[in-house]
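Trainee: Questions regarding the structure given below will be posed in turn.
No value in this document is a laboratory result; all are computed from the given coordinates. Computed from a predicted model, the values in this text were never measured in an experiment. In this analysis, Cβ positions are derived from the backbone assuming ideal geometry, glycine residues included, and neighbour counts consider all displayed protein chains.
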Amino acid sequence: MTDIIVSILLIAGAAFMLLAAIGILRLPDLPTRMHASTKAGAMGAMFIMGGVAFFFLDSIVFARAFAIVVFILITSPIAAHVIGRAGYFTGTTLWDGTVKDELRENYDAETHKLSSGYEGSPESVTPPPESESPEDR
Amino acid sequence: MIPFVINIVYFMLSLALLFAFIRLTRGPSLPDRVVALELVASIVVGYVGVHAIDTGVSSLLDVAIVIALTAFLAAIGFARFLERGGRRND
């Protein structure tokens, strides 16, 4: 019984990692590649660690595998966010078929200020920005 | 059953490693390479886990923890380097 659970978890984890690798190879630009690699890669590593925990059936091994899973779960989105942000600001070209890039018009890459695009319009609730101090970036 | 499954999983992970390595060498910009490098580290964590099952040495999981930690720090460092405007050599 344990063998079956371990086998299923290992195969599922390896399949997710293979999907992540195929995605990173085939997809056209940086955000889509990150979309494939981050989520599916973290999921694959977590499945394999679950398989390890079920194979050994030991409390210490379970604690270690759980620590790895929690660590991957916390750090993988942070790393993806930081790389994606850096890639966007360094001017990575998006795919030709990209439909919408809402950040491009409303974000000032120099001051890192995000505007809603509705400042000063009648629907605006907040008053338009008067003067920005460089501290509150 | 387990040794057969482990062979299949080794094969699949090796294929994934190959694909990520192709993107690492070909990737048009530096962020692409960083993403591929992060995926390689993630695959290696899986590899270490499968190897721990294969050999029955549970201490190998510590190696997986260290690899995950260094991969995270490398990603953060590369992103800082990119955003501060380091030398780009795509």
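Trainee: May I ask you to say which residue of B:41, B:16 is within 7 Å of another protein chain (Cβ to nearest Cβ) and among the small types (Gly, Ala, Ser)?
Mentor: When all the criteria are applied, what remains is B:16.
Trainee: Mind counting the residues in region A:10-34 that are within 19 Å of residue B:44 (Cβ to Cβ) and either buried (at least 21 other Cβ atoms within 10 Å of the Cβ) or under 18 Å from the mean Cα position of the chain (by Cα) (or both)? Spell out the reasoning first.
Mentor: As a first pass, look at region A:10-34 and keep what is within 19 Å of residue B:44 (Cβ to Cβ): A:10-25, A:33-34.
Still in the running and either buried (at least 21 other Cβ atoms within 10 Å of the Cβ) or under 18 Å from the mean Cα position of the chain (by Cα) (or both): A:10, A:13-14, A:16-25, A:33-34.
Selection size over region A:10-34: 15.
Trainee: Look through A:65, A:53 and report the one residue that is touching a residue at least 12 places away in the same chain (Cβ under 8 Å) and more than 8 Å from chain B (Cβ to nearest Cβ).
Mentor: A:53
Trainee: Out of curiosity, is residue B:58 free of Cβ contacts under 8 Å to residues at least 60 places away in the same chain, polar (S, T, N, Q) and at the interface with chain A (Cβ under 7 Å from one of its Cβ atoms)?
Mentor: yes
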